[in-house]
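Below you'll find the structure, written out as structure tokens, and then a few comments.
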Amino acid sequence: MLRKIRIVLASIFFIAITLMLLDFTGTLHRYFAWMAKIQFLPAVMALNVGVIILLVLLTLVLGRVYCSVICPLGIYQDIVSHLSSKRKGKKMRFTPSPELKWLRYGVWVLFIACLIIGLQPIVALLAPYSAWGRIVQSLFAPLYQWGNNLFAAISARADSYAFYPKEVWLRSIGTLIVAAVTLIVITVLAFKNGRTYCNTICPVGTTLSFFSRFSLLRPVINTEKCRDCHACEKKCKASAINIKEHSVDYSRCVDCFNCIEDCKFGAMRYTFAYGKKKKGTVKAEAPAQVAKATQDKDGSDPGRRAFLIGGAIATTSLALKAQDKKVDGGFADILPKVKPQRETPITPFGSKSVKDFYTRCTACQLCVSACPNNVLRPSTDLSRFMQPEMSYEKGYCRPECVKCSEVCPAGAIRKITAQEKTAHHVGLAKYYKDLCVVTTDKVDCGNCARHCPTGAIIMVKINPDAKNSLSIPAVDESRCIGCGACENLCPARPLSAIRVDGRQDHIIS
Amino acid sequence: MENKDISRRDFLRKASEGAVALGGAALVGSCASPSSPDGASSTKSASVNEGMEYRTNNHNGDKVSLLGYGCMRWQMKKDKDGKDIVDQDSVNELVDRALEGGVNYFDTSPAYLQGQSEKAAGIALSRHPRKSYFLATKLSNFSNFSEEASLKMYRNSFVQMQTDYFDYYLLHALGGGGYPQFVRRYEDNGLMDFLLKEREAGRIRQLGFSFHGNQESFDQFIALHDKYHWDFVQIQMNYVDWRHADGIRNVNAEYLYEELDKREIPIVVMEPLQGGRLSRVPEGIAAMMKGRDPERSIASWAFRFVGSYPRILTALSGMTYMEHLRENLDTFTGFVPLSKDDLEFLEEMATLMQEYPTVNCNDCKYCMPCPYGIDIPGIFRHYNDLVNEGKVAQKGTEKYRKLRREYLLSYNRAIPTLRQADHCIGCRHCVPECPQSIDIPSELHRIDSYVESLRRDTK
């Protein structure tokens with residue numbers, strides 16, 4: 001019964017969180033955003049004291065049910081492990097193993113150190129919810145979107161508006177690789193040895209283990225009823241049961257209740273047993289390649305990018321040359337925009353400052369998947385690798401949208417309203433006359449000014465005395481909020497003639 | 001079923017022949033044209049189909065089908081390099097069916113379909129005897145007026161269309177840029193003298209021009225009739241443009257018609273359907289048309305309108321799909337002109353249509369390519385369709401949220417985001433190209449700010 005309850009609850013959490021990470025319409029976030037907010041690390045980053053106390057109390061009372069029910073990566077491993085045990089002869093594939101203390105606490109100390117000194121990429125690499133977020137966002141979301149696009153095509157044929165297409169694009173090759181490696185490592189570990197990751201690498205698991213050792217309720221072996229059949233031991237995916245010593249390692253037990261269900265003799269019971277701490281001691285091997293394997297590199301190559309931008313600028317003038325006046329001539333080619341080098345990264349409306357944002361963000365990618373305007377993507381910069389940043393090649397931060405601020409579980413993006421958004425200044429637009437079509441093509445434009453939601457762009461005559469002088473934009477610094485409408489809608493390609501640089505500290509006017 | 005149909009049509013036809021003074025039978029063929037040269041092709045009669053309505057060219061006796069084929073709107077598909085190419089198979093099929101149905105006038109230009117129309121028409125038509133149809137093409141020297149470039153364009157048309165003579169040859173789109181532009185394009189470079197000689201030599205059987213412009217320039221071109229003798233003129237005519245042209249850069253078709261009729265110059269009609277807009281009229285107007293005659297298509301009203309005027313030699317329709325062709329053959333086979341009442345009714349409809357905020361775009365694509373990549377006709381078409389269907393989301397109305405979603409999604413469906421109106425920078429390159437004299441940038445900006453207001457309104 002307990003096991004069934006666990007499975008039902010875990011399924012709900014797992015499906016809801018995963019779907020939320022996939023959903024680009026913003027529908028599910030309304031109902032399930034709280035599930036992200038009760039994830040342990042985001043709650044810590046958000047200084048969400050209520051949630052932290054709740055989770056600690058939960059663990060003190062029930063043990064590490066968090067790992068079995070709330071953590072999506074934990075549940076994923078359970079699914080893999082379950083499938084693995086369906087293989088012939090693999091039903092009882094576990095053996096008791098001792099706690100790999102040096103690795104477990106070593107990783108934990110490293111993690112805490114990174115957290116304190118602000119090495120967020122390492123934090124994101126190790127944290128379970130972040131890992132699941134990047135796996136879903138990088139690997140599953142494209143499949144989900146392609147599937148959606150298929151439905152969108154069908155519904156377009158049927159003249160229905162039930163589905164609309166979503167552009168699938170590679171946001172960060174580095175994050176994609178890390179996500180793939182994470183998925184492979186986690187899957188292999190779970191397939192072979194169950195909850196190895198949770199009990200050797202996962203810093204959240206280790207943190208909770210400090211409390212679960214003292215939990216009030218826990219699975220206890222009744223030595224009188226136990227016939228030493230080892231069934232529970234061989235089925236314990238946490239390798240926490242040692243029948244020889246009739247002990248359970250409560251620092252590693254994730255309260256899956258499989259042992260209780262599986263014991264034919266009723267010797268295993270989930271019961272009040274405060275203070276009866278016991279541990280297994282038998283030795284067994286445990287893989288340690290996780291940390292090594294997941295330390296992947298950025299994947300972007302600054303030299304290559306510089307080359308691309310250079311080449312792209314060289315071709316701009318070519319592409320925009322007004323073509324021979326011919327009628328009925330189809331479409332002019334449109335060059336894709338390239339990402340400019342920004343001195344300061346642009347972080348979302350609702351973040352306090354660049355530093356604060358990157359300190360709190362756990363890189364769970366929830367905001368990336370929630371962003372309907374293709375603005376947020378994982379950074380490729382090493383110092384904030386996988387943590388999101390904004391850029392405006394494919395869209396801009398539209399004035400009515402505050403989706404990322406609504407979903408962020410870590411408090412890196414605080415909740416704001418669309419009205420408040422126009423008073424947040426996250427960046428500042430700068431004009432580059434040489435690239436502007438007014439200069440290169442000698443045409444009227446003003447598209448930036450026409451679309452600035454705060455009216456921060458003033459069109460001024462190049463030659464104030466001439467009556468028919470063309471006008472170029474000038475940015476009113478006090479009004480510019482950095483939303484990127486100007487940059488995105490600038491006709492200069494591939495590099496816009498008006499571009500936003502982030503502000504270190506976001507100003508609220 | 002079919003028999004019944006025909007007998008009904010025959011009945012109507014007979015009934016109308018006597019009654020309607022406007023009918024096609026009234027044409028007088030004064031075969032006084034000095035311009036039919038070259039024994040081989042003088043007073044020729046292209047293939048004729050019993051049911052199709054034919055008009056006789058009073059200059060040379062050509063029996064031309066009242067339905068002409070405009071080769072500007074054929075289907076394009078992507079080749080393996082992603083380039084747009086004409087779907088030749090469908091063109092062949094359409095041309096075969098059209099000839100079979102009695103259509104014998106095919107109008108093209110070196111500029112149509114990204115320059116591929118002449119070749120496609122040539123391929124399809126050369127599979128049939130050259131004498132079974134009339135070929136019309138144009139000197140579309142818009143970008144380069146030099147003698148060399150213009151002659152090259154002229155000669156290339158023969159190659160593309162696999163022929164050694166043109167039945168009808170037009171100076172393309174006079175009126176744009178006014179009279180001075182005509183002088184630059186055709187007189188200064190000696191092309192006019194050259195074309196007159198070509199007419200004498202029989203390589204051009206009939207010489208004329210197509211017109212988009214104001215009244216002043218039209219009068220000037222017509223005054224040249226004495227000098228050049230225009231064998232025919234192609235004008236934009238339909239029941240809306242009859243009396244509701246903007247008057248600034250377009251003239252009411254009624255005026256054009258009367259001026260040409262006076263001089264007994266045969267008229268070829270373009271845009272009888274306003275680029276398909278008159279087949280997709282606002283809901284209320286469609287209801288009235290169907291109420292008046294439930295069995296006739298909306299488009300047929302527009303065709304019957306132009307066909308009801310006797311000086312019309314042929315009305316060009318850019319039939320993209322077989323359905324268009326079939327429907328038009330239906331209209332023009334056993335053609336029934338409109339009664340006086342009907343004409344008044346259409347004038348009433350045209351007046352009503354002025355109330356709708358649609359953009360007067362005929363999808364001719366002369367504005368394209370926009371140097372900044374905007375799909376100008378696509379945006380207008382999407383907007384017009386929704387206006388006509390009454391699906392423009394108005395704030396405060398009951399269906400607002402639903403219509404808002406539909407508008408935005410259908411907009412994204414119809415136009416790739418990078419080609420939408422928010423990318424129009426207002427460079428105004430397109431403005432002089434538009435034969436309908438639409439202020440394209442301001443219309444695009446108007447649509448853009450409407451779309452922007454919808455986007456921002458997320459409850």
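The values are calculated or read from the model by the stated rules, or taken from the named source; none is laboratory data. All values reported here derive from a predicted model rather than from experimental measurement. In this analysis, Cβ positions are derived from the backbone assuming ideal geometry, glycine residues included, and neighbour counts consider all displayed protein chains.
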Item to check | Elements of type helices (runs of 4 or more DSSP H) contained in region B:203-262, each with 1 or more residues being within 19 Å of B:Leu278 (Cα to Cα) and touching a residue at least 12 places away in the same chain (Cβ under 8 Å) | outcome: B:241-244, B:253-262
Next on the checklist: Please go through region A:396-413 and give me each residue that is touching a strand residue (DSSP E or B) at 6+ places or on another chain (Cβ under 9 Å), away from every other protein chain (no Cβ under 14 Å) and of a type in the set (A, V, I, L, M), ordered by number.
Outcome noted: A:Ala412, A:Ile413
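Quick grid of which residues meet (1) in contact with an Asp or Glu (Cβ under 6 Å, 6 or more places away or on another chain); (2) surrounded by fewer than 18 Cβ atoms within 10 Å (Cβ to Cβ); (3) within 11 Å of chain A (Cβ to nearest Cβ); (4) not in a helix (DSSP H, G or I):
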{"residue": "B:Lys402", "(1), (2), (3), (4)": "no, yes, yes, no"}
{"residue": "B:Arg405", "(1), (2), (3), (4)": "no, yes, yes, no"}
{"residue": "B:Leu409", "(1), (2), (3), (4)": "no, no, yes, no"}
{"residue": "B:His429", "(1), (2), (3), (4)": "no, no, yes, yes"}
{"residue": "B:Glu443", "(1), (2), (3), (4)": "no, no, no, no"}
{"residue": "B:Lys459", "(1), (2), (3), (4)": "no, yes, yes, yes"}
Item to check | Residue, surrounded by the most Cβ atoms within 10 Å (Cβ to Cβ), within region A:449-469, restricted to residues that are among the basic types (Lys, Arg) and away from chain B (no Cβ under 13 Å) | outcome: A:Lys461
Next on the checklist: Would you confirm whether or not region B:20-39 contains a residue that is at pLDDT 90 or above, surrounded by 19 or more Cβ atoms within 10 Å (Cβ to Cβ) and either more than 14 Å from every other protein chain (Cβ to nearest Cβ) or touching a helix residue (DSSP H, G or I) at 6+ places or on another chain (Cβ under 6 Å) (or both)?
Outcome noted: no
Next on the checklist: Of everything in region A:225-273, what is basic (Lys, Arg) and crowded, with 23+ Cβ neighbours inside 10 Å? Give them in sequence order.
Outcome noted: A:Lys237, A:Arg252
Checklist entry - Are any of the residues in region A:27-37 under 12 Å from A:Tyr129 (Cβ atoms) and part of a loop (DSSP other than H, G, I, E, B)? => result no
Next on the checklist: Every residue in region A:196-220 that is within 14 Å of A:Cys71 (Cα to Cα) and among the hydrophobic types (A, V, I, L, M, F, W, C), please.
Outcome noted: A:Cys198, A:Cys202, A:Val204, A:Leu208
Checklist outcome for this item: Going through region B:158-168 in order, the residues found to be touching a helix residue (DSSP H, G or I) at 6+ places or on another chain (Cβ under 7 Å) and crowded, with 22+ Cβ neighbours inside 10 Å are B:Met161
Item to check | Those residues of region B:411-427 which are in contact (Cβ under 8 Å) with a residue 12 or more places away in the chain, at the interface with chain A (Cβ under 7 Å from one of its Cβ atoms) and surrounded by fewer than 20 Cβ atoms within 10 Å (Cβ to Cβ), in sequence order | outcome: B:Leu418, B:Gly426
Item to check | Residues located in region B:367-404, provided they are under 25 Å from B:Ser279 (Cβ atoms) and among the hydroxyl-bearing types (Ser, Thr, Tyr) | outcome: B:Tyr383
Checklist entry - Looking at region B:112-143, which of its residues are within 19 Å of B:Tyr366 (Cβ to Cβ) and loosely packed, with under 14 Cβ neighbours inside 10 Å? => result B:Ser143
Checklist entry - Considering B:Met270, B:Met288, B:Met319, which residue is aliphatic (A, V, I, L, M) and surrounded by fewer than 22 Cβ atoms within 10 Å (Cβ to Cβ)? => result B:Met288
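Let's see how each residue does on (1) within 14 Å of chain B (Cβ to nearest Cβ); (2) in a loop (DSSP other than H, G, I, E, B); (3) aromatic (Phe, Trp, Tyr):
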position	(1), (2), (3)
A:Asn149	yes, no, no
A:Ser155	yes, no, no
A:Asp159	yes, yes, no
A:Phe163	yes, yes, yes
A:Leu170	no, yes, no
A:Val181	no, no, no
A:Ile186	no, no, no
A:Leu189	no, no, no
Checklist entry - Any idea which residue in region B:365-392 is nearest to the chain's Cα centre (by Cα), counting only those that are within 21 Å of A:Pro165 (Cα to Cα) and within 12 Å of chain A (Cβ to nearest Cβ)? => result B:Gly378
Checklist outcome for this item: Every listed condition ((1) away from chain B (no Cβ under 14 Å); (2) at pLDDT below 95; (3) within 25 Å of A:Pro345 (Cβ to Cβ)) holds for A:Arg493 save (1)
Item to check | Any chance B:Arg455 is surrounded by fewer than 19 Cβ atoms within 10 Å (Cβ to Cβ), within 11 Å of chain A (Cβ to nearest Cβ) and either charged (D, E, K, R) or under 30 Å from A:Gly26 (Cα atoms) (or both) | outcome: yes
Item to check | Single residue of A:Pro142, A:Pro121 found to be under 26 Å from A:Ala179 (Cβ atoms), surrounded by fewer than 20 Cβ atoms within 10 Å (Cβ to Cβ) and at pLDDT below 95 | outcome: A:Pro142
Checklist entry - Only one of (1) among the aromatic types (Phe, Trp, Tyr); (2) surrounded by fewer than 18 Cβ atoms within 10 Å (Cβ to Cβ); (3) within 12 Å of chain A (Cβ to nearest Cβ) is not met by B:Tyr450, so which one is it? => result (3)
Checklist entry - For region A:371-395, which residues satisfy the criterion of being buried (at least 24 other Cβ atoms within 10 Å of the Cβ) and within 14 Å of chain B (Cβ to nearest Cβ)? => result A:Val375, A:Tyr392
Next on the checklist: For region A:384-392, check the following and say yes or no: at least one residue is under 19 Å from A:Ile507 (Cα atoms) and more than 19 Å from the chain's Cα centre (by Cα).
Outcome noted: no
Item to check | Filtered residues of region A:467-483 (kept if within 22 Å of A:Thr440 (Cα to Cα) and in contact with a strand residue (DSSP E or B) (Cβ under 6 Å, 6 or more places away or on another chain)) | outcome: A:Ser469, A:Ser471, A:Pro473, A:Ala474, A:Val475
Checklist outcome for this item: Checked against (1) part of a loop (DSSP other than H, G, I, E, B); (2) under 20 Å from the mean Cα position of the chain (by Cα); (3) surrounded by fewer than 18 Cβ atoms within 10 Å (Cβ to Cβ), B:Lys395 satisfies every condition except (2)
Checklist outcome for this item: Taking region A:176-223 and the residues there that are under 25 Å from A:Leu115 (Cβ atoms) and of a type in the set (D, E, K, R), the one that is surrounded by the most Cβ atoms within 10 Å (Cβ to Cβ) would be A:Arg195
Item to check | Candidates A:Gly482, A:Gly455, A:Gly502 - the one that is outside any loop (DSSP other than H, G, I, E, B), more than 14 Å from A:Thr439 (Cα to Cα) and at pLDDT 90 or above | outcome: A:Gly502
Checklist entry - What are the pairs, 6+ residues apart or on separate chains, where a residue within region B:267-292 that is part of a loop (DSSP other than H, G, I, E, B) has its Cβ under 7 Å from a residue that is among the hydroxyl-bearing types (Ser, Thr, Tyr) and buried (at least 24 other Cβ atoms within 10 Å of the Cβ)? => result B:Pro272/B:Ser317; B:Leu273/B:Ser317
